[in-house]
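Q: Encoded as structure tokens, here's the structure I'll be asking about.
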Amino acid sequence: MSSIIFIDLILHKTKAYRHLLYNVVNQESANVQHLLWKLVLAYLLLDTYRSLLLRRTNDESNVSMSFLFESLEVLVNVLSANFAFVFSFAFAAKLMLVMPRGKEILLTILISSYVKIFLLAMPVWEFPVSVIFIVDMLVLTSNAVALKVMTESATSRCLAVCFIAHSIRFLVDQISGHLGTVM
């Protein structure tokens, strides 16, 4: 992928998303299942890293908690939040959009979440915690643009679907995070 396409993706240009999703991904259509599992793993790893960054900056975390228990708690939190995201996304999309291809839409959402890679730069450049939420907003808008390209629906509908799914994901993340500190 050329750097110009990458810059256009960051700028949320629909032509760049169309090129990536139709030309590049369709060339690997034979390996879609393999690509899907790689993207799910990368997405979950980056989301776990995001949760660990947030937890590290939280003063509420219990120091006496074992590393294994804390890691398991973060993993359960990430999995439950992402399960809620996928479920609410599918439900909202079914109500608001015409979705011809479920697996390709999931692949689209995973690919358009590439912005999460910027989380890796946070410790290096000592960004404040608020950058995590800026990255979350970039992921939301990137998902909406990619969804618009794949479904050819109105931007407002795609943005609404993504906003609902990301909001529910955020709420589940907050609830399961607070339940872990209570226990």
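Q: Of everything in the stretch 109-132 that's without any contact (Cβ under 8 Å) to a residue 40 or more places away in the chain and closer than 27 Å to L35 by Cα, which residue is farthest from the chain's Cα centre (by Cα)?
A: A121
Q: Among the residues of the stretch 139-146, is there at least one that is touching a residue at least 40 places away in the same chain (Cβ under 8 Å) and not β-branched (V, I, T)? Don't jump to the end; show me each part of the working.
A: The initial filter retains those residues of the stretch 139-146 that are touching a residue at least 40 places away in the same chain (Cβ under 8 Å), namely 141-142, 145-146.
Among the residues that remain, those that are also not β-branched (V, I, T) are: 142, 146.
There is at least one residue in the stretch 139-146 that is touching a residue at least 40 places away in the same chain (Cβ under 8 Å) and not β-branched (V, I, T).
Q: Moving on. Of the numbered conditions (1) without any contact (Cβ under 8 Å) to a residue 60 or more places away in the chain; (2) farther than 20 Å from T14 by Cα, V98 fails exactly one; give the number of that condition.
A: For V98, the failing item is (2).
Q: Pick from the stretch 17-33 the residues that are modelled with pLDDT of 75 or more and open to solvent by 40 Å² or more (accessible area, probe 1.4 Å): which of them is farthest from D136 (Cα to Cα)?
A: Step one: list which residues in the stretch 17-33 are modelled with pLDDT of 75 or more, which gives 17-23.
Now restrict to residues that are open to solvent by 40 Å² or more (accessible area, probe 1.4 Å): 18-19, 22-23.
Numbers: R18: 22, H19: 23, Y22: 25, N23: 27 Å.
Applying the filter and picking the extreme gives N23.
The values are calculated or read from the model by the stated rules, or taken from the named source; none is laboratory data. Owing to the predicted nature of the structure, the values given are computational and were not obtained by experimental measurement. When we count neighbours, we look across all protein chains shown, and the Cβ atoms used for this are built from the backbone with ideal geometry, even at glycine. SASA here: full protein model, heavy atoms, side chains in, ligands and nucleic acids out. Shrake-Rupley method; radii C 1.70, N 1.55, O 1.52, S 1.80 Å.
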